[in-house]
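What follows is a set of notes on a single structure, which appears directly below.
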Amino acid sequence: MSNIEIGAIALGVSIVLIGFRLHIGLALGLSAIGGMMAIVGSRGTLGIVMSTPYEFSASWELSAIPMFVLMGNIAFYTGMTDSLFKAARLWLGRLPGGLAVATNFACAGFASASGSSLATTIAMGKIAIPEMRKYGYDPGLSGGVVAAAGTLGSLIPPSILLVLYGIFAEVSITKLFTAAVVPGLITAFVYGAMIIIRAKLNPALAPLPEERPTMAEKFRVLLDVWPLPLLVLAVLGSLYAGLATATEAGAVGAAMAMLIALIQRRLSFEALRRSLYESVMNSGALFFIAMGAVLMTRLMALSGLPYFLSDQLELYAVSPWSLLLITSLIYLVLGCVIDPIGMILLTLPVLIPMFKTAGFDLIWFGILVVKFVEVGLLTPPLGLNVYAVRTLAPDVPLSKLFRGVSWFILCEVIVIVFLCLVPQSTVWLR
Amino acid sequence: MTSLVTSVSRGLTYVAMVIMFVMTLHVAGSVALRLATNRDIPLTLEITADYYMVALTFIPLAMIDLAQRHIRAEFLAALLPNAVQYGLGILIRLAMLGYLALLTWRSTLNAIGRTQAGDAKITIIGSFPTWPARWIVPFGLAVACLAALVLLVRALRGRDEEVTDIAERDTDNAGREAV
């Protein structure tokens, strides 16, 4: 058996093992070790296994992850969402579908403090779904907007997925973050436009609330949301100005989120304990997968599989666009069964070398990968964000939620096509 | 044995929580100092990468397993009959134990070797020892092995779904999904 075949088999085995409920990190690690045994023998494999755990974890780049996870958890547990939604509601509530539009932009705002889609969906859904349903909003629309706008959490910086992508693709996390700003905003505006158009055509979807806030009320509510622009400025501003690395920006963001919550009297000991506990568990579970993925990356390099695939692409003159289409299909299929982090870490060891050879801009490709993963969060049967909404609105049938979400998937397709046709959209801020 | 492993894992999780808090203040403090005086807190990068990060990766590993926080999917497993699922549960626990044991064994040898070599990094303010950090890996992994053993016993008794968690199981477990 050739090394290339061994690499391909190990990759296939890891997917099957994941299907049989093995922890994703374990499945990746075991199949990588098996593959290495077959290629370099037990001595070589044991040598690689000896130093990998330490060398992978002792990483300054990787340390950005716990910091951004903590920042998001603190924003979550200290209730930053409440004031954000209230402000969006008072300012946007009178538009057609106003509460849904408000939810959408409040999610975009929360996404700039949180690096995760599920966290954004859950945090915002808890407040926004009951409010929209109180005013008689269509359950498909109210659930759909929370599930879909939640995905902005992994696109609008900070983003855990982009940090992971940056580490594995060896590209600058700062560049990835700045590249994601415009596509994130475009997505939020396309979502908003779609909601307004739908509500205008069919007002029964989103009845207008009677609330008529005065200008004074509207400005007063802005006083409550001052921490958010400050956080964005501290995190993105320091990254963009080159004052801080990703880890430093994350640490400053987390420390500032704590300080702000302290000033607003929202930081109880319990909230801090929960934030730290969840962050330790979340980032630890993620590192366990990443360790398996590092072993898989080593195996891929030893097997030469990614380079073989790149050669085949050249040999058969597969155009870069076909490659991109194939990639999007791979993510669509995987997204039905595997969670986002598992998906990214499973695919990048093979895809990155291929895309390097195809001459793609790896920053632009990173944004697209996150987009593909986001669509995976919304599509049946797994659609993690849709399931998260289901836990918040258990009486709404899943079929109705998926139907509500389908409008947002349509928007995603439009945004993805736009990003492919106008790659400059990811370069504007870089 | 179960309660001892659970207590140790829980204690280590608190240690990891304190480390994360300290790391946040340390790195943020270093940035603040740099803005004020143009100088970082010395060795911030080295301590973060070689100590905090290694600790955050391996110290909570046992609790992550006990609390069933490892990320997994089950698109094929769901199709299997119950009796096979039981066997599968045991196999998964055995695989985890084997994987962790292999990593523990190899990283212990690594730590011994690096200790004998007196591993250190050369920094601007002199030599910074990194060999002690090498021991965090086998230590965290060894406790994780014990946790995997506890979970294997649980799986053999058919109580695979039991969860040991540090936080009370409340209805509001949304934060579990924060990544």
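The values are calculated or read from the model by the stated rules, or taken from the named source; none is laboratory data. Since this is a predicted model, take the numbers as computed values, not measurements. Counting neighbours? That spans all protein chains shown, and the Cβs are built from the backbone with ideal geometry, glycine included. The protein model used for the area step is the full one, side chains on, heavy atoms only, and it has no ligands, DNA or RNA in it. Shrake-Rupley method; radii C 1.70, N 1.55, O 1.52, S 1.80 Å.
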Using a simple spin-label model with points 7 Å from Cα along the Cα→Cβ vector, what separation in nm is obtained for B:Val8 and B:Leu80?
2.9 nm
Rounded accessible area per residue of the protein assembly as shown, 1.4 Å, Å²:
38 Å²
What does the C-alpha gyration tensor say about the overall shape of the stretch A:98-162? Classify as rounded when a/c is under 1.5, otherwise prolate if a/b is larger than b/c, or oblate.
prolate
Taking R0 as 41 Å, what FRET efficiency do you get between A:Leu259 and A:Val13 from their Cβ-Cβ distance, rounded to the nearest 0.05?
0.30
Rounded to a whole number, the mean other protein chain Cβ count within 10 angstrom for residues of A:286-293 is 4
Show the residues, 5+ positions off or on another chain, whose built amide H is closer than 5 Å to the amide H of B:Ala120.
B:Thr130
Distance check, please: which entries in A:Lys175/A:Lys200; A:Lys134/A:Lys371; A:Lys126/A:Lys400; A:Lys134/A:Lys218; A:Lys86/A:Lys175; A:Lys126/A:Lys371 exceed 27 angstrom between their Cα atoms?
A:Lys175/A:Lys200; A:Lys134/A:Lys371; A:Lys86/A:Lys175
Prolate/oblate/rounded call for the stretch A:178-260, Cα gyration tensor, a/c under 1.5 rounded
oblate
If R0 is 30 Å, what FRET efficiency do you get for A:Asp224 and A:Ser268 from their C-beta distance, rounded to 0.05?
0.95
Taking springs between alpha-carbon atoms closer than 10 angstrom, which of B:Leu103, B:Leu79, B:Leu61 fluctuates most in the Gaussian network model of chain B?
B:Leu79
If you fit an axis through the alpha-carbon atoms of helix A:139-150 and take the longest principal axis of the Cα set of chain A, what angle between them do you get, 0 to 90°, nearest 10?
50 degrees
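Keeping the other protein chains in place, figure out the carbon and sulfur percent of the accessible area of chain A, with a 1.4 Å probe.
Carbon and sulfur: 69 percent of the exposed surface of chain A.
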With solvent modelled as a 1.4 Å probe, how much accessible area in total do chains B and A shield from it at their shared surface, in Å² to the nearest 100?
6500 Å²
How much length would be gained if the chain were fully extended between A:Ser406 and A:Cys420, taking 0.36 nm per residue of separation minus their Cα-Cα distance, in nm to one decimal?
2.9 nm
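Just need the Rg to Rh number for chain A, please, alpha carbons only, Kirkwood Rh.
Value, to two decimals: 0.99.
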Taking R0 as 35 Å and r as the Cβ-Cβ distance between A:Ala358 and B:Ala101, the FRET efficiency 1/(1 + (r/R0)^6), rounded to the nearest 0.05, comes to 0.30
Subtract the Cα-Cα distance of A:Ala216 and A:Leu185 from 0.36 nm times their separation in residues, and report this length gain in nm to one decimal.
8.4 nm
Taking the Cα of A:Ala241, stepping 7 Å toward and past its beta carbon, and measuring to each backbone N in the stretch B:17-44: which are under 18 Å?
B:28-40
The stretch A:1-114 - Rg and Dmax from Cα coordinates, angstrom:
23.3, 69
Compute the angle between helix A:246-263 and the longest alpha-carbon principal axis of chain A, please, reported from 0 to 90 degrees and rounded to the nearest 10.
30 degrees
Across the residues of B:13-20, average count of Cβ atoms on other protein chains within 10 Å?
5
Over the heavy atoms of B:Leu97, what accessible area does a 1.4 Å probe trace out, to the nearest 10 Å²?
30 Å²
Applying the gyration tensor rule to the Cα atoms of the stretch B:2-178 (axes a ≥ b ≥ c; rounded if a/c under 1.5, else prolate if a/b exceeds b/c, else oblate), the class is prolate
Springs between alpha-carbon atoms under 10 Å, Gaussian network over chain A: tell me which of A:Leu382, A:Leu368, A:Leu262 tops the mean-square fluctuations.
A:Leu262
q = 0.12, 0.16 Å⁻¹, the stretch B:42-136: log10 I(q)/I(0) [Debye, one scatterer per Cα]
-0.58, -0.82
Determine the relative contact order of the stretch B:2-178: mean sequence separation of Cα pairs under 8 Å and six or more apart, normalised by residue count, in whole percent.
31 percent
What percent does the relative contact order of chain A come to when contacts are Cα pairs within less than 8 Å and at least six residues apart?
26 percent
Value of [θ]222 nm, deg cm²/dmol, for chain A, DSSP H segments ≥ 4, -39500 (n - 2.57) each, nearest 500
-25000 deg cm²/dmol
The stretch A:50-81 to the stretch A:171-186: how many Å between their Cα centroids?
19 Å
So how much accessible area does A:Thr297 have, in Å² to the nearest 10, using a 1.4 Å probe?
50 Å²
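Give me the inter-chain shielding for B:105-112: mean count of other chain Cβ atoms within 10 Å, whole number please. Before the final figure, lay out the partial values.
Numbers: counts 3, 9, 6, 1, 3, 8, 2, 0.
The per-residue average across the peptide is 4.
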